[in-house]
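Data first, discussion second: the structure below is written as structure tokens.
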Amino acid sequence: MANTAFQPRVFSGIQPSGGLTLGNYLGALKRFADMQNEGNFETIYCMVDLHAITVWQDPADLKRKTRELCAGFIASGVDPEKSILFNQSQVPEHAQLAWIFNTVARMGWMNRMTQFKDKAGKNRENASLGLFAYPSLMAADILIYHATHVPVGEDQKQHLELTRDIAAKFNHDYGVDFFPMTEPVIEGAATRVMSLRDGSKKMSKSDPSDMSRINLTDDADAIAAKLRKARTDPDALPSEVDGLAERPEARNLVNIYAAFADMTVEQVLADVGGKQFSEFKPMLAELAVAQLSPISAEMSRLMQDQEEIDKILRRGAERAREITEPILAKTYDIVGLVR
């Protein structure tokens, strides 16, 4: 088979299952806007509401969170004119391709997915079939656009590897070179932002302590207060990266500073090495407030006009379907389904 030249295209999505945090911003939204503005790729960003309902969601709350997530994308710099921005359930080709991929993926592959084991916990027999098949739908989300690159965190890397396995098996089974081998994009100082109360745990919107995270809806005072009270150790900041070993809280705050300042960790430590946290935390708070306060304000403004948000999502879905409809039609033809 000849190697097909696929158009450079980025796809990624976020679940509308809770409030946006600093982790979402530095690990995803900021990177999405940067990739959009680099101009090297067509960029497609999605609120993956079908993934959200793999665990029970309050319907009214899900609608609100979907709109709030859309506002968060836009406030963080994702331009719905430059990028395609939509919610997953408005583009039925995602679910249609996912069913075909359910027939391609093997049970053994799915059983190895660590995120299902983590989310299902000890009561996995009561987990939904949708939660088990989540990675197959994720593969469809990506491949229905022939996406060549996906910005992901380390915790999603296994799912992207499964996406590549599904694409390879489909291409092999049907003797085609139709789906690309999508590449992960894992980069940046703060792709994995940790809790402000425990540097060994990921910052999470589900953590019982609001002090463990910075919400994108927090005002300037709340942002500064949370960073001032962030857990640290008594030692001064090191001048070398090796000095952050075994110091998870220090490493987390330095990573966050580096991401805000668009610096490497090495550059940050060259500037702040030897400083106490009593001096470093105000520097970090000033930087965080300067970047996050405008986002919080813009999200609030956008949420005042939900009809406009719904209009943006509908238009994004229309643009998405211009790509997905012919790809699904060709997939059906390859598989032998009559349309």
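Here, each number is a calculation from the coordinates, and none is a lab measurement. Treat the numbers as computed from the prediction; the structure is a model and nothing was measured. All Cβ positions, even for glycine, are placed from backbone atoms using ideal geometry, and neighbour counts span all protein chains on display.
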- Item | Phi to ³J(HN,Hα) by Karplus 6.51 cos²θ - 1.76 cosθ + 1.60 over the range 10-17, Hz, x for Gly, Pro | 9, 10, 7, x, 10, 6, x, 10
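In what sequence, highest mean first, do 276-282, 249-255, 136-142 appear when ranked by Cβ atoms within 10 angstrom? Walk me through the intermediate numbers first.
Working: 276-282: 15.3, 249-255: 22.3, 136-142: 26.6.
Result, highest mean first: 136-142, 249-255, 276-282.
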- Provide the packing ranking of 227-233, 298-304, i.e. peptides ordered by the mean count of other C-beta atoms within 10 Å per residue, highest first. 227-233, 298-304
- Message: List the residues, sorted by chain then number, that are 5 or more residues from Lys202 or on another chain and whose placed amide H is less than 5 Å from its amide H.
- Response: Ser195
- Give the Cα extents of the range 210-300 along the principal axes, in whole Å, largest first. 41, 24, 19
- Note on the structure: Most fluctuating of Lys82, Lys30, Lys205 in the GNM of the chain (C-alpha, under 10 Å) is Lys82
- Task: Could you tell me how many degrees, from 0 to 90 and to the nearest 10, lie between the Cα long axis of helix 134-143 and the main elongation axis, the longest principal axis, of the Cα atoms of the chain?
- Result: 80 degrees
- Task: Mind giving me the nanometre distance, one decimal, between the label points for Asn111 and Ser278, set 7 Å out from Cα along Cα→Cβ?
- Result: 5.8 nm
- Item | Projected label distance in nm at Trp99 and Ala236, using a 7 Å step from Cα toward the beta-carbon | 6.6 nm
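Quick check on the chain: helices-only [θ] at 222 nm, where DSSP H runs of length 4 and up contribute -39,500 (n - 2.57) each and the sum goes over total residues. Nearest 500, please. Intermediate results must be reported in sequence, preceding the final value.
Working: 14 runs with 173 residues, N = 339.
The helix contribution divided over the chain gives -16000 deg cm²/dmol.
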- Given the options Ala60, Ala75, Ala290, state which has the largest fluctuation in a GNM of the chain using a 10 Å cut-off (strictly under) for Cα springs. Ala60
- For the range 37-74 and the range 247-320, write down the distance between their C-alpha centroids in whole Å. 19 Å
- Query: Given the chain, what percent of its DSSP beta bridges are antiparallel, to the nearest 5?
  - Reply: 10 percent
- Note on the structure: Between Glu125 and Asp198, the FRET efficiency computed from the C-beta separation at R0 = 35 Å comes out, to the nearest 0.05, as 0.70
- Query: Which one, [x] 21.0, 69; [y] 33.8, 145; [z] 18.8, 57, gives Rg and Dmax of the Cα atoms in Å as derived from the coordinates shown?
  - Reply: [x]
- Query: Under a straight-distance cross-link criterion of Cα-Cα below 12 Å, which aspartates and glutamates are reachable from Lys65, leaving out those fewer than 8 residues away in the same chain?
  - Reply: Asp49
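Order of Tyr25, Tyr174 from fewest to most other C-beta atoms within 10 Å?
Details: Tyr25 27, Tyr174 15.
So the residues, fewest neighbours to most, are Tyr174, Tyr25.
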- Note on the structure: Cross-link reach from Lys275 to lysines, straight Cα distance under 29 Å and at least 8 residues apart if same chain, gives Lys30, Lys201, Lys202, Lys226, Lys229
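Suppose R0 equals 30 Å; then what is the FRET efficiency for Glu266 and Ala290 from their Cβ-Cβ distance, rounded to the nearest 0.05? Walk me through the numbers before you get to the answer.
Working: r = 23 Å, r/R0 = 0.76.
FRET efficiency, Glu266 to Ala290: 0.85.
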- Enumerate the lysines that Lys330 could reach by cross-link, defined here as Cα to Cα under 30 Å, with residues fewer than 8 away along the same chain left out. Lys82, Lys157, Lys169, Lys311
- Which residue, Ala285, Ala236, Ala98, tops the fluctuation ranking in a GNM of the chain built on C-alpha contacts under 10 Å? Ala236
